[in-house]
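Rule-based calculations on the coordinates, nothing more; no lab input. Because the structure is a prediction, the values reported are computed rather than measured. Note: ideal-geometry Cβ built from the backbone for every residue, glycine included; neighbour counts use all protein chains shown.
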């Protein structure tokens with residue numbers, strides 16, 4: 001289940017805002033130049049569909065994003081709970097970092113949590129099947145796929161080398177709740193709408 005929790009960066013136990021309303025999520029994030037959308041999913045797409053089949057199923061949406069944002073390529077990445085390197089792959093992006101180009105993900109299935117460090121706030125954005133998330137270049141953030149990652153996502157790039165992580169050295173990510181403590185589809189209960197504008 002998609003959700004947005006907003007925290008003050010020195011109060012990781014007490015969200016200022018907690019919602020799973022897609023329109024509210026999109027509006028809160030858009031105020032910071034962050035794109036969040038919900039797309040219709042392809043019900044006839046097999047869970048084990050090849051990357052080429054996934055890209056073909058979402059060709060119209062991918063081409064729209066390429067035209068709007070100048071992306072040159074798209075690919076598909078996926079992980080399952082049985083992957084032998086799941087712990088190392090999870091750890092790879094758990095520390096705060098930046099990229100030199102936008103990080104764009106569309107979740108074909110499964111889930112993951114983006115944490116965006118925007119000024120004195122941290123926005124924990126739980127993405128699930130049908131969610132598109134675009135983190136602008138240079139935005140300090142981290143990503144948690146959980147201890148048993150289960151997702152398939154389409155990624156878009158301008159230059160694939162621009163997606164290499166540049167770590168900030170800030171230990172902020174260690175203070176915030178991990179994937180398994182947040183209201184993902186396999187974690188805690190879904191959040192109720194709470195809090196005002198942060």
* Asked: Taking springs between alpha-carbon atoms closer than 10 angstrom, which of 110, 119, 33 fluctuates most in the Gaussian network model of the chain?
  -> 119
* Structure fact -> At 10 °C and 1.306 mPa s, the Stokes-Einstein diffusion coefficient in µm²/s for the stretch 108-167, with hydrodynamic radius from the Kirkwood sum on alpha carbon pairs, is 125
* To do: Name the most mobile residue of 152, 139, 41, meaning the one with the largest mean-square fluctuation, in a Gaussian network model of the chain with Cα contacts below 10 Å.
  => 41
* Asked: Which whole-number percent of Cα pairs in the stretch 1-154 have a distance greater than 23 Å?
  -> 37
* Asked: Please state the relative contact order of the stretch 1-109 as a whole percent: Cα pairs under 8 Å, 6+ residues apart?
  -> 13
* **the stretch 28-113 - Rg (one decimal) and Dmax (whole number), Cα, Å** => 14.7, 39
* To do: Along Cα→Cβ, 7 Å out, is where each label goes; now give me the distance between the ones at residue 67 and residue 45 in nm to one decimal.
  => 2.0
* Choice from 111, 180, 61 showing the highest fluctuation, given a GNM over the chain with Cα pairs closer than 10 Å -> 61
* Note down the relative contact order for the chain as a percent, whole number, built from C-alpha pairs under 8 angstrom at least six residues apart. => 32
* Structure fact -> The rounded separation in angstrom of the Cα centers of the stretch 123-178 and the stretch 33-79 is 17
